[in-house]
Amino acid sequence: MKTGLPLPQVTFHTRVRDEAVGGPNPFRWQDMTTQDYFAGKRVILFSLPGAFTPTCSTYQLPGFEKNAETFANFGIDAIYCLSVNDSFVMNKWAESQGLNTVKVIPDGSGEFTRKMGMLVEKNNLGFGMRSWRYAAIVNDGKVEAWFEEPGISDNHAEDPYGVSSPENLLEYLQKEAAGIAAE
């Protein structure tokens, strides 16, 4: 993936709370498309290897949540966290993280991640196929700015983190607002 390209068109199978369902598990299936999430908005999309994993749960997701208001001040309409996990896992992770602003997108089959060119094997960690860590600023479904961690490869011995951090995206947006060309 790179700047200027449109996001792949896929359907995400999500579970949403619906009190009309009743019972102890009031959720129903709701299909959401790339268009539903990204059309007509300027958003941050970040993807990571897995829900409940240390770097993702300690730094990346909380950092985007904590800075949501600041991102909004720079013209960001929404922040989405995507992972190759099913909707049940992503919803529980969002709940455990106490998310109020960041929305999770389940890519359970890895279709979106594969079409983004970011699907890697993580068999060395017992994960199977997962997303390489990246972030993007997406404007009306097209990549405006791309932030990919270095070294993308199958079964990478490390999990690099920094390029796709909320702090790095904030720095980019600050430079953009100041009229300084981002590097």
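When you look at Asp86, is it closer than 25 Å to Arg130 by Cβ, in contact (Cβ under 8 Å) with a residue 12 or more places away in the chain and either over 13 Å from the mean Cα position of the chain (by Cα) or surrounded by 13 or more Cβ atoms within 10 Å (Cβ to Cβ) (or both), yes or no? The answer is yes for Asp86.
Taking the residues in segment 10-27 that are modelled with pLDDT under 90 and outside any helix (DSSP H, G or I) as candidates, determine which candidate is least open to solvent (accessible area, probe 1.4 Å). Once the filter is applied, the top-ranked residue is Pro26. Got at least one residue in segment 65-75 being free of Cβ contacts under 8 Å to residues at least 60 places away in the same chain, over 24 Å from Thr14 (Cα atoms) and either among the acidic types (Asp, Glu) or surrounded by 14 or more Cβ atoms within 10 Å (Cβ to Cβ) (or both)? Within segment 65-75 (the criterion being free of Cβ contacts under 8 Å to residues at least 60 places away in the same chain, over 24 Å from Thr14 (Cα atoms) and either among the acidic types (Asp, Glu) or surrounded by 14 or more Cβ atoms within 10 Å (Cβ to Cβ) (or both)), the answer is yes, since at least one residue qualifies.
Evaluate the following for Val143: is it hydrophobic (A, V, I, L, M, F, W, C), more than 23 Å from Arg28 (Cβ to Cβ) and in contact with a strand residue (DSSP E or B) (Cβ under 6 Å, 6 or more places away or on another chain)? Taking the combined requirement at face value, the residue satisfies it. If you go through segment 149-183 and keep only what is touching a strand residue (DSSP E or B) at 6+ places or on another chain (Cβ under 7 Å), of a type in the set (Asp, Glu) and loosely packed, with under 15 Cβ neighbours inside 10 Å, you end up with just Asp154. Residues that are at pLDDT below 95 and open to solvent by 40 Å² or more (accessible area, probe 1.4 Å) within segment 31-54 comprise Phe52, Pro54, listed in sequence order.
Looking at the structure I just gave you, is Gln60 part of a strand (DSSP E or B) and not charged (D, E, K, R)?
Working: part of a strand (DSSP E or B): no; not charged (D, E, K, R): yes.
When the stated conditions are applied, Gln60 does not pass them.
In this structure, Asp140 does satisfy being of a type outside the set (A, V, I, L, M, F, W, C), exposed (fewer than 15 other Cβ atoms within 10 Å of the Cβ), in contact (Cβ under 8 Å) with a residue 24 or more places away in the chain and farther than 19 Å from Asp107 by Cα.
Would you be able to say whether some residue in segment 68-87 is in contact with a helix residue (DSSP H, G or I) (Cβ under 7 Å, 6 or more places away or on another chain), outside any loop (DSSP other than H, G, I, E, B), farther than 17 Å from Ser47 by Cβ and at pLDDT 95 or above? Yes, segment 68-87 has at least one match. With respect to the conditions (1) in contact (Cβ under 8 Å) with a residue 12 or more places away in the chain; (2) over 24 Å from Gly98 (Cβ atoms), Leu61 lacks only one, and its number is (2).
No other residue among Arg114, Arg42 is under 21 Å from Asp159 (Cα atoms) and among the basic types (Lys, Arg) apart from Arg114. All conditions but one from (1) at pLDDT 95 or above; (2) among the charged types (D, E, K, R); (3) open to solvent by less than 20 Å² (accessible area, probe 1.4 Å) apply to Lys115; the one that does not is (3). Considered as a group, the residues in segment 90-107 that are open to solvent by 50 Å² or more (accessible area, probe 1.4 Å) and of a type outside the set (S, T, N, Q) include one that is nearest to the chain's Cα centre (by Cα), and that residue is Lys103.
The values are calculated or read from the model by the stated rules, or taken from the named source; none is laboratory data. None of the values given here were measured: they were computed from a predicted structure. Ideal geometry is used to build each Cβ from the backbone, glycine not excepted, and the neighbour counts take in all protein chains shown. Protein only, heavy atoms only, side chains kept; ligands, DNA and RNA dropped before computing areas. Shrake-Rupley method; radii C 1.70, N 1.55, O 1.52, S 1.80 Å.
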